[in-house]
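Novice: Starting off with a structure, shown below.
The values are calculated or read from the model by the stated rules, or taken from the named source; none is laboratory data. Just so you know, these numbers come straight off a predicted model, no measurement behind them. FYI the Cβ positions are ideal-geometry reconstructions off the backbone, even for glycines, and counts take in every protein chain you see. Side chains are part of the model used for accessible areas, which takes the heavy atoms of the whole protein and leaves out ligands, DNA and RNA. Shrake-Rupley method; radii C 1.70, N 1.55, O 1.52, S 1.80 Å.
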Amino acid sequence: MRKNLQRASVILLAGTISLSSCVVSKKKYDDLLARKNALEIDKAGLEKEKMSLEEQKALLEKEKTNLEEERAQLEQQKLEYEKSLTQALKEGKTLGENLNMSKSQIERLNADLKAREQRLAELQRILDEKEKAVANLRNRVSNALLGFNDKDLTINVRNGKVYVSLAEQLLFNSGSTKVDPKGEEALKKLASVIKDQQDVNVLVEGHTDDVPIAKGTVGMSDNWDLSVLRATEITRILTQAGVDPTRVTPSGRSKYVPLDEAKTKEARQKNRRTEIILTPKLDELFQILETT
């Protein structure tokens, strides 16, 4: 029995020890499990923090790259600015030297310009005076010849000259170089106006139509002779009436400057004429032009 009690005690002690061991191991396991979970949570946090740091690193790398590019651009701009500044200083120096060198040239140009402006003003004054003189001459001629028919006599101003056109029927019979009394009266009235105009030259132009002169006409071979002889006869009357002969030039144009090229009776009648062209002398004007 005693042996049985000892065996039972041993069994009871072993069970107690086993139970105590199981209790300790489970607690340790729970602690370890709790630590593992905590470590996993910490690991997950660290992983997340690592990813955040890597993202920040990538952003910083990108910003660094951008800053380096901006720095390179600034360096290039600096070089270009320094180059431009150097060129500007060089050009400014050259410009200053040129300005100093050109000062006397500018002064000469200003003086020359002023002289030219004065000559231009004088030229315009003379032209205005000549224009007034031509208008006044035309009015005086028109008044002197006021009583004549417009079909026989016309007065115009062209190119600064006064044109007095006398029809053949006023001055001559057909094919004749002898001026009719009515025509001579008109020429003497014209001479009374222009004889005192010492600054006016007189050109007498004879014009014919395209019909040849009659064969056997004394002293004439063709229309050239007729136009010249008529102009000469008119010149003679003007100078005898007091116009300075040195101011009068007779000329003949034959049929070659017609007013109307038609082959009609009316056209040929218009073409048979004598034009007395009054031209103001422009000596003063030419002197100014020669100095410009």
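Novice: So how compact is region 39-80: Cα radius of gyration and Dmax in angstrom?
Specialist: 18.1, 60
Novice: Can you compute the charge dipole magnitude of the chain about its Cα centre, using +1 on each Lys and Arg Cβ and -1 on each Asp and Glu Cβ, nothing else charged? Give it in debye, rounded to the nearest 20.
Specialist: 1820 debye
Novice: Mean separation of Cα pairs under 8 Å and 6+ residues apart, divided by the residue count of the chain: what relative contact order is that in percent?
Specialist: Relative contact order comes out at 17 percent.
Novice: Got a sec? Charge dipole of the chain, +1 on Cβ for Lys and Arg, -1 for Asp and Glu; which of THR65, SER176, LEU153 is way out at the positive end?
Specialist: THR65
Novice: Now a separate question. Work out the length of the dipole vector of region 42-118 about its Cα centre, built from +1 on the beta-carbon of each Lys and Arg and -1 on the beta-carbon of each Asp and Glu, and round it to the nearest 20 debye.
Specialist: In debye, rounded to 20, region 42-118 gives about 560.
Novice: Here is a further query. Per residue, how much accessible surface does region 236-280 expose to a 1.4 Å probe? Answer in Å², no decimals.
Specialist: Per residue, region 236-280 has 55 Å² of solvent-accessible surface.
Novice: Report, in deg cm²/dmol and to the nearest 500, the calculated mean residue ellipticity at 222 nm for the chain, where each DSSP H run with n ≥ 4 adds -39500 (n - 2.57) and the sum is divided by the residue count.
Specialist: Calculated from helices alone, the mean residue ellipticity at 222 nm is -24000 deg cm²/dmol.
Novice: Using the membrane-span-like helix rule (whole DSSP H runs, Cα extent along the own axis of at least 18 Å, mean Kyte-Doolittle hydropathy at least -1.0), which helices of the chain qualify?
Specialist: What comes out of the filter, once short or polar helices are dropped, is 2-144, 181-194, 223-240.
Novice: Check cross-link reach from LYS93 to the aspartates and glutamates: straight Cα distance under 20 Å, and skip same-chain residues fewer than eight apart.
Specialist: GLU80, GLU82
Novice: Based on the Cβ-Cβ distance from ASN156 to LEU113, what FRET efficiency comes out when R0 is 35 Å, to the nearest 0.05?
Specialist: E between ASN156 and LEU113, to the nearest 0.05, is 0.35.
Novice: Please work out the average accessible area per residue across region 49-173, using the 1.4 Å probe convention, and give it in Å².
Specialist: Using a 1.4 Å probe on heavy atoms only, each residue of region 49-173 averages 80 Å².
Novice: Order the peptides 154-163, 107-116 from the highest to the lowest mean number of other Cβ atoms within 10 Å of their residues.
Specialist: Result, highest mean first: 154-163, 107-116.
Novice: Still on this structure, I have one more. Sorted by mean Cβ packing within 10 Å, highest first, what order do the peptides 85-93, 262-270 take?
Specialist: The most tightly packed comes first, giving 262-270, 85-93.
Novice: Divide, for the chain, the radius of gyration over alpha carbons by 2.2 N^0.38 Å, where N is the residue count.
Specialist: After normalising by residue count via 2.2 N^0.38 Å, the value is 3.26.
Novice: Whose amide H sits under 5 Å from the amide H of LYS281, counting only residues 5 or more places off or on another chain, with H placed in the peptide plane?
Specialist: VAL200, ASN201
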